[in-house]
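Structure first, commentary second.
The values are calculated or read from the model by the stated rules, or taken from the named source; none is laboratory data. Just so you know, these numbers come straight off a predicted model, no measurement behind them. Virtual Cβ from ideal backbone geometry, glycine too; neighbours counted across all protein chains shown. Ligands, DNA and RNA are stripped out before the accessible areas are found, and what is left, the full protein with its side chains, is counted by its heavy atoms. Shrake-Rupley method; radii C 1.70, N 1.55, O 1.52, S 1.80 Å.
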Amino acid sequence: MKYLKYILVFVVILGFFYFFQADILRLFTQFSNLEEIVQKVPSELAIEKISKDISSPPPLRATKESSESFLTGSGIIIWTNIQRNAQGFLPLSENEQLHTVAVLKAQDMFEKQYFGHVSLSGADVGDLAEIAGYKFLAIGENLALGNFEDNQTVVQGWMDSPGHKANILSLRYTEVGVAATRGIFEGKSTWIVVQEFGLPLSVCLEPQESLRLQIEGSVTQLQELERELIAKQRELKLMRPKFGPKYNRKIDDYNALVVQYNSFSNTTKELLLRYNNQVKKFNACVLDRV
């Protein structure tokens, strides 16, 4: 009877190890839940959620025509910066993409015979900026039509208009582009002047694209490792018997893969932390500027 008791205890223990594999698996090294890691994927950029600021006061028509009218984009920029300098403001820098936007706008108005900030197809300066590849936080547009005497007269006409003056003297804008184009409008030869002001997106340091791509690659690799771990778990659950050299090797392989997974997940979390900090700084800059 005494030996029979020991035999029964041994059989119970063996049965426990053989049948309750779910409990045994809890003894193995566990790996991080991938969903918890993915939830820390970089937050959205503020620029994707905010409305970009566009300032476009009613277009200006010349009240006095000159038979000797001659206008240039460079001259209008000079007189614009003279007005800013008189107020103690920094001059605007010329930007080729904004020049392109201004030229496109002037050409479209002559071609379609309209004078306004929104084209006949519904496009505004923001749409033209996108075509020209100009990324901005804020953009403004001044328009003038007529045979103004000279560049100074055009700028002074804008300065006499509150909305146009606000664009010229705005502290937000840092760049400018101008097109002064002569053509036929409403049956007569005249000038159209387009002045584009911009605050480029580049004033705020964007998160590193290379870092974001590295994170995406890391998450993909973690997903592959997770699938491999789950497959090994299933294999261990189905193994009989649950002891011996073969079973132990399977456990060692599984645990070694878990260590690799957890090490890789920690590295991924560090990358995510770095990227999200960059996102936060970028968003703070954007929201401070708009």
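Results for (1) polar (S, T, N, Q); (2) surrounded by 17 or more Cβ atoms within 10 Å (Cβ to Cβ), shown as yes or no for each residue.
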site	(1), (2)
Ser55	yes, yes
Leu60	no, yes
Ser67	yes, no
Thr72	yes, no
Arg84	no, yes
Gly88	no, no
Ser93	yes, no
Leu104	no, yes
Check Lys237 against each of (1) within 30 Å of Arg61 (Cβ to Cβ); (2) part of a helix (DSSP H, G or I); (3) not β-branched (Val, Ile, Thr) and name the one condition it does not meet.
(1)
Pull out all pairs, ordered by first then second residue, where Cβ-Cβ is under 6 Å, the residues are six or more apart or on different chains, the first lies in region 191-204 and is assigned to a strand (DSSP E or B), and the second is open to solvent by 10 Å² or more (accessible area, probe 1.4 Å) and among the charged types (D, E, K, R).
Trp191/Arg182; Gly198/Glu175; Leu199/Arg172
So, of the residues in region 132-152 that are open to solvent by 20 Å² or more (accessible area, probe 1.4 Å) and in contact (Cβ under 8 Å) with a residue 60 or more places away in the chain, which turns out to be nearest to the chain's Cα centre (by Cα)?
Lys135
Gln223 passes all but one of (1) out of contact with any Gly (no Cβ under 7 Å at 6 or more places or on another chain); (2) under 30 Å from Pro59 (Cα atoms); (3) not aliphatic (A, V, I, L, M); which number fails?
(2)
